[in-house]
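K.L.:
Once you've had a glance at the structure underneath, I'll fire off some questions.
The values are calculated or read from the model by the stated rules, or taken from the named source; none is laboratory data. Here the structure is a predicted model, which means the values were calculated and not measured. Protein only, heavy atoms only, side chains kept; ligands, DNA and RNA dropped before computing areas. Shrake-Rupley method; radii C 1.70, N 1.55, O 1.52, S 1.80 Å.
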Amino acid sequence: MAHAEMNALIGLKESEHPNIRSYILYTTMEPCHMCFGTAVMMNIRNIHYAADDGFAGATSLNEKLDYIKRKSVNIVKIGEELEAFQLILQSAYEYKRKHPRIENILSRWREVNNLAIDIAKELYGSGYFERARDENKSIEDIYSEVIMKYLNTKIRL
Ligand SMILES: [Zn+2]
């Protein structure tokens, strides 16, 4: 249950946050069933996320379940660059931790952005993220370098 959204929501008491319906839950990956359901039940009515999660994302429930539809949850997907960056980081992490279902997960994420997964594989294989850590690169520098690689590769295709 230790997903980032759950960790953010768990200490939030509506009695201490009477305007909770106006809050925005920002998350890099599309929330899963557990996190989306928890946010809805806690009266969060705005969710902004960067990357579609074709493997475990659950925001499509917003339109499919009458109960949730009545809550009028406003879901906003942030732009393509942030989605690509998130998928690259998360995919590189899955390569690193050798997730037992990695091919299944990555094939679903490839349906969202195939190029991002190719770049994640290349950057992970070249040791880019380990070097960036060892060199204490800032997240801003890592973002710039990764996105430049993504955009330059996209232009060449
Ligand atoms: Zn989750």
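K.L.:
For the chain, what proportion of DSSP beta bridges, expressed in % and rounded to the nearest 5, is antiparallel?
P.N.:
10
K.L.:
Rounded if a/c is under 1.5, else prolate if a/b is larger than b/c, else oblate: which is region 103-157, with a ≥ b ≥ c the root eigenvalues of its Cα gyration tensor?
P.N.:
oblate
K.L.:
Hey, another quick one. Please build a GNM for the chain, connecting alpha carbons under 10 Å apart, and tell me which residue among Asp141, Asp118, Asp53 fluctuates the most.
P.N.:
Between Asp141, Asp118, Asp53, it is Asp141 that shows the largest mean-square fluctuation.
K.L.:
Give the relative contact order (percent, whole number) for region 81-156; include only Cα pairs under 8 Å separated by 6+ residues.
P.N.:
40
K.L.:
While we're on this one: Do the alpha carbons of any pairs in Lys98/Lys154; Lys96/Lys149; Lys69/Lys154; Lys77/Lys154; Lys13/Lys137 sit beyond 25 Å of each other, and which pairs?
P.N.:
With Cα atoms farther than 25 Å apart: Lys98/Lys154; Lys69/Lys154; Lys13/Lys137.
K.L.:
Could you give the distance between the Cα centres of region 102-157 and region 23-42, to the whole Å?
P.N.:
After rounding, the separation between the Cα centres reads 25 Å.
K.L.:
What are the residues whose amide H is under 5 Å from the amide H of Arg45, where those residues sit 5 or more places off or on another chain and H is modelled from the backbone?
P.N.:
Correct list: Tyr23.
K.L.:
Taking the chain as a Gaussian network, where each spring joins two C-alpha atoms under 10 Å apart, which residue of Asn74, Asn43, Asn136 fluctuates the most?
P.N.:
Among Asn74, Asn43, Asn136, the largest mean-square fluctuation in the Gaussian network model of the chain belongs to Asn136.
K.L.:
Also, quick follow-up: Per the Kirkwood treatment, what hydrodynamic radius in Å, one decimal, follows for region 4-78 from the mean inverse distance over all distinct Cα pairs? All intermediate terms of the calculation are to be shown ahead of the outcome.
P.N.:
On the way: mean 1/r = 0.0810 Å⁻¹.
When all Cα pairs of region 4-78 are included, the Kirkwood radius is 12.3 Å.
K.L.:
In what order, largest first, do Val40, Val112 sit by accessible area if the probe radius is 1.4 Å? Don't skip to the answer; put the middle values down first.
P.N.:
Working: Val40 5, Val112 45 Å².
Per-residue accessible area, sorted high to low, gives Val112, Val40.
K.L.:
In a Gaussian network model over the chain where Cα atoms closer than 10 Å are linked, find which of Glu135, Glu122, Glu145 has the largest mean-square fluctuation.
P.N.:
Glu135
K.L.:
Karplus couplings for region 61-71 from phi (6.51 cos²θ - 1.76 cosθ + 1.60, θ = phi - 60°), rounded to Hz, Gly and Pro as x?
P.N.:
For region 61-71, the Karplus curve yields 4, 4, 9, 9, 10, 4, 4, 6, 4, 5, 7 Hz.
K.L.:
Using just the helices of the chain, give the 222 nm mean residue ellipticity in deg cm²/dmol: DSSP H runs with n ≥ 4 each add -39,500 (n - 2.57), and the total is spread over all residues, rounded to 500. Each step should come with its number before you reach the end.
P.N.:
On the way: 8 runs with 92 residues, N = 157.
Taken over the chain, the calculation gives -18000 deg cm²/dmol.
K.L.:
For Tyr26, which sequence-distant residues (separation of 5 or more, or a different chain) have an amide H within less than 5 Å of its own amide H, given hydrogens modelled in the peptide plane?
P.N.:
Sorted by chain and number, the residues that satisfy this are His48.
K.L.:
Pop out the ³J(HN,Hα) list for region 141-157 in order, Karplus 6.51 cos²θ - 1.76 cosθ + 1.60 with θ = phi - 60°, rounded to Hz; leave Gly and Pro as x.
P.N.:
5, 5, 4, 4, 5, 5, 5, 4, 4, 4, 5, 5, 5, 4, 5, 6, 7
K.L.:
Residue by residue through region 110-124, which ³J(HN,Hα) values in whole Hz follow from phi under the Karplus form 6.51 cos²θ - 1.76 cosθ + 1.60 (θ = phi - 60°), with glycine and proline marked x?
P.N.:
Coupling constants for region 110-124: 5, 5, 7, 7, 4, 4, 4, 6, 4, 5, 4, 4, 5, 5, 5 Hz.
K.L.:
Could you state the orientation-averaged shadow area of the convex hull built on the Cα atoms of the chain, in nm² to one decimal?
P.N.:
Directional mean of the projected Cα hull area for the chain stands at 10.7 nm².
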